[in-house]
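The values are calculated or read from the model by the stated rules, or taken from the named source; none is laboratory data. Predicted, not measured: the structure shown is a model, and the values here were computed from it. Methodologically, a virtual Cβ is constructed for each residue, glycine included, from the backbone with ideal geometry; neighbour enumeration extends over all protein chains shown.
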Amino acid sequence: MKVLISYTISVLLLVSAVAHIISPEFYAELIPDFFPENLANILSAISEAAIGIALLTRKYRHLGGLGFSLLMIAFLPIHVWDLLREKSALGQFPIPEIRLLVQLLLIYTGWWLYNSKKAQG
């Protein structure tokens, strides 16, 4: 189960990393005005690709889980900010609220992948 979840998250991260480069406008509404859009897309692409690759490898999967959890924590304020805006980039109720709950689940999933390695010794 852990491997399947790791591979699934990895594919999503790698696709997202490529999308940040070839379709940065897709993410434009989720990037706060005070943060440089190009920098946000480049940093997101690099971190998503690195974590995605780590999740594919047995040796680094637990670190990929930690990285994924930390990345989702880093993205959490963006989703809270979007939820509180007058017009959410993700649409109307209940989509932003569901996305925030999914974000919390993703944070836990990354932490679970990280801790499952520690529990094995």
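Here is the figure for region 67-95: residues that are within 20 Å of residue 116 (Cβ to Cβ) and either crowded, with 18+ Cβ neighbours inside 10 Å or in contact with a strand residue (DSSP E or B) (Cβ under 6 Å, 6 or more places away or on another chain) (or both) total 5. For residue 119, the conditions (1) more than 20 Å from residue 19 (Cα to Cα); (2) modelled with pLDDT of 95 or more are fulfilled apart from (2). Candidates in region 8-42 are the residues that are touching a helix residue (DSSP H, G or I) at 6+ places or on another chain (Cβ under 7 Å) and touching a residue at least 40 places away in the same chain (Cβ under 8 Å); of these, the one that is surrounded by the most Cβ atoms within 10 Å (Cβ to Cβ) is 13.
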